[in-house]
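Heads up, the thing below is written out as structure tokens.
We did not get these values from a lab; they are worked out from the coordinates using the rules stated. Computed from a predicted structure; not experimentally measured. Because the Cβ atoms are built from the backbone with ideal geometry, glycine has one as well, and the counts that use them run over all protein chains shown.
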Amino acid sequence: MSEFVYLMKNGDLYKLGCTSNLESEASKLKPGEIISSFKTKDHKSFEARLLRIYKKRRIPDTNYFRLSEAEVENCKKHLEGKSNLPKSLSEELRIGLNGSLLFASITFLISFLINKMFIFSLFISSVFASFPMWSIAILGSFGGYDIDDLTLFSTASNRLKGFLIAISMSSFAFVLYTFAHF
């Protein structure tokens, strides 16, 4: 079910939150006004990422913040989709796969230039390519979320996908290593 992640201003404070009914939330928050919002199916992870970005400005144990004008404009960019900020946990996995590809490419080039052994270079690049996926499997993300704002179980599917990809890459590296020693 899609929900809205929103930024609301009430006096000199700002609130980041999520709701399924934006109009109802706006009426509850009177005299505050909703400055910007974003509709998404993965509202908890997007809200948690925003909460982490502005955590130094957060009033403890609340979703209220003392934001500067620049921070408000930055938050509006995120909520309007005008930034590269991942808006879901599945985007975190895509970022991890891109990181794996980058690690593999750089490691392969360096290893091949050093030792001129194709299979061994593939082995080394596969090992390094698995690091971002191991990070997702162990941490649940690359650090874009706080545990207080996003439950451990909400990252379970991402962790499982990362784990399976990391196991596949590590197994491929093991097969290459074994093949290189024949």
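Put the Cα centre of segment 101-138 next to the Cα centre of segment 1-25 and the gap is 44 Å.
Cα-Cα pairs above 25 Å in the chain: how many percent?
Values: 7701 of 16471 pairs.
Tail of the P(r) past 25 Å holds 47 percent of the pairs.
Compared with the dominant Cα axis of the chain, that is its longest principal axis, helix 43-53 is turned about 90°. Using only Cα coordinates, the Kirkwood hydrodynamic radius of segment 3-79 works out to 12.3 Å. Helix 89-115 axis versus longest C-alpha principal axis of the chain: approximately 30°, rounded to the nearest ten.
Computed over the Cα atoms, what is the radius of gyration of segment 12-57 divided by 2.2 N^0.38 Å, N being its residue count? It would help to have the intermediate numbers written out before the result.
Working: Rg = 11.3 Å, N = 46, 2.2 N^0.38 = 9.4 Å.
After normalising by residue count via 2.2 N^0.38 Å, the value is 1.20.
Between helix 118-129 and the chain there is an angle of about 20 degrees, using the helix long axis and the longest principal axis of the Cα atoms.
Highest average first, the peptides 70-79, 128-137, 52-61 ordered by how many other beta carbon atoms sit within 10 Å of their residues are 128-137, 70-79, 52-61.
Here the label points at A156 and S170, each 7 Å from Cα along the C-beta direction, are separated by 2.2 nm in the simple model. Subtracting the Cα-Cα distance of T62 and K39 from 0.36 nm times their residue separation leaves 6.1 nm of extension gain. With the simple model of a label 7 Å out from the Cα in the direction of the Cβ, M117 to N74 spans 4.7 nm.
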